[in-house]
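No value in this document is a laboratory result; all are computed from the given coordinates. All figures in this text were calculated on a predicted structure; none of them were measured in a lab. Cβ sites come from the backbone with ideal geometry, for glycine too, and all protein chains shown count toward neighbours.
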Amino acid sequence: MADFREKVRELIRLLPEVERREGEPMCGHTSFRIGGRAALMLLPRSAEELERSFACCRKLGVAPLIIGNGTNLLVEEGELELAVIKTHGGLEGVRLLNGTEIEAESGALLARIAVFAMEHSLTGLEFAHGIPGSVGGAAVMNAGAYGGEMKDVIVRTLALDEQGREFTLTGAEHDFSYRHSAFTGGDVVLKTVIRLEKGDGAAIRGRMEELMAKRRASQPLNYPSAGSTFKRPAGGYAAALIDEAGLKGYRVGGAMVSEKHAGFVINAGGATFDDVLAVMEHVRETVFRRSGIELEPEVRIIRGRS
Ligand SMILES: Cc1cc2nc3c(=O)[nH]c(=O)nc-3n(C[C@H](O)[C@H](O)[C@H](O)COP(=O)(O)OP(=O)(O)OC[C@H]3O[C@@H](n4cnc5c(N)ncnc54)[C@H](O)[C@@H]3O)c2cc1C
């Protein structure tokens, strides 16, 4: 930790212009409301600041954790040897490139981009309106809902590779498949271009409201969570398998399989990282014993204790 603290001090010295927080509680930056204190959080306000932050981390041999809106993360507690770079809050530009294309910086929320699309009578992004993440996180995860995926709308993405070099992916180069993209853990998405179609503003609004109502009716949105805890396995649905195994309401400490939607592990009050992991492990074992199907986590598990 001493060595890491020195690196953090050096990062602060090298990046005086970048807004930062030291010892920042990650529970305030994750939808699960769980997570200990990151040694350093950088909050760049432009692509240049993000690139410089990333370059300085690299120079010091620190692999930063890039986060968007923290809605797919389960973060360990305690004092964490983490240098976090958060895109949501600072990198939020959204603009119309031409009649049907929208360019968005990585920290812009999908909800905001979907509303922007609606205001410009562009259809195709309605599915994403209720997904609470940033477009950078959604590109990396190939987020999707109600029959739509980022794969259907993203046409071009500018990113940095692990060495800090810019590269652009277009179309099939994104290699999108279910909750997968070509971006590796070390890449940083800077901005992305979404292509939509001309539509009718009122119909787009109607579809967004309809999908939001479906979400409210089926998902435990009044509790902190990271959405679906497990990926959809081949040959089944995680929620159905968990429900059939009688696990709704299964609880360890403050973490619980939602009674409303078995696919969600929720923070029912005061849940710890270990509580959530214990619930996930029990769910995995029980479902595997009953069905022979291995559930794989969709949430990204972040550890950072030295
Ligand atoms: C109530 C609820 C409902 C949800 N519903 C859905 C749903 O319907 N469909 C769905 O797919 N997901 C859903 N999610 C999960 C989540 O919103 C998505 O996975 C979303 O895309 C994550 O975006 P984020 O900005 O929050 O990413 P984060 O949680 O901040 O990060 C997720 C991953 O992406 C990486 N990452 C983030 N930004 C960047 C970047 N700029 N460059 C490189 N890597 C980056 C992170 O390192 C991490 O590995 C839901 C979550 C909640 C809490």
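Against the empirical 2.2 N^0.38 Å (N residues), segment 77-155 has a Cα radius of gyration ratio of 1.19. One quarter of the convex hull surface built on the alpha carbon atoms of segment 94-204 amounts to 6.2 nm², the projected area averaged over directions. Evaluated on the chain, the Kirkwood hydrodynamic radius is 20.1 Å, with distances taken between all distinct Cα atoms.
Averaging the sequence gap over all C-alpha pairs within less than 8 Å and six or more residues apart, then dividing by the number of residues, gives segment 1-99 a relative contact order of 32 percent.
Distant-in-sequence amide contacts of G304, defined by a placed amide H-H separation under 5 Å and a gap of 5 or more residues or a different chain, comprise E76.
Neighbours of A172, meaning other residues whose beta-carbon lies under 15 angstrom from its beta-carbon, give a summed charge of -1 when Lys and Arg score +1 and Asp and Glu score -1.
When Rg and Dmax are taken over the Cα atoms of segment 7-125, they come to 16.1, 49 Å.
In this label model, E19 and A202 are separated by 4.0 nm, measuring between points 7 Å along each Cα→Cβ vector. Annotation: lysines with alpha-carbon distance below 24 angstrom to K59 (same-chain offsets under eight excluded): K7, K86, K191. Spacing of the modelled spin labels on Y237 and Y178, each 7 Å from Cα toward Cβ, amounts to 1.3 nm. Packing around the peptides 127-135, 175-183, 29-37, taken as the average count of other Cβ atoms within 10 Å per residue, puts them in this order, highest first: 127-135, 29-37, 175-183.
Note on segment 11-72: the alpha carbon radius of gyration divided by the globular reference 2.2 N^0.38 Å gives 1.13. Legend: P(r) of segment 239-306 from all alpha carbon pair distances, 5 Å bins from 0, whole percents, reading 3, 19, 28, 26, 15, 6, 3, 1.
By a straight-distance test (C-alpha under 29 Å), which lysines pair with K214 as possible cross-link partners, with residues fewer than eight away in the same chain excluded? Candidates past the 8-residue exclusion: K151, K198, K231, K248, K260. Once the C-beta distance of K59 and T168 is scaled by a Förster radius of 35 Å, the resulting FRET efficiency is 0.90 to the nearest 0.05. Per-residue 3J(HN,Hα) values for segment 67-80, derived from phi via the Karplus relation 6.51 cos²θ - 1.76 cosθ + 1.60 with θ = phi - 60°, read 10, x, 10, x, 9, 9, 10, 10, 10, 4, 9, x, 7, 10 Hz in sequence order (x marks Gly and Pro).
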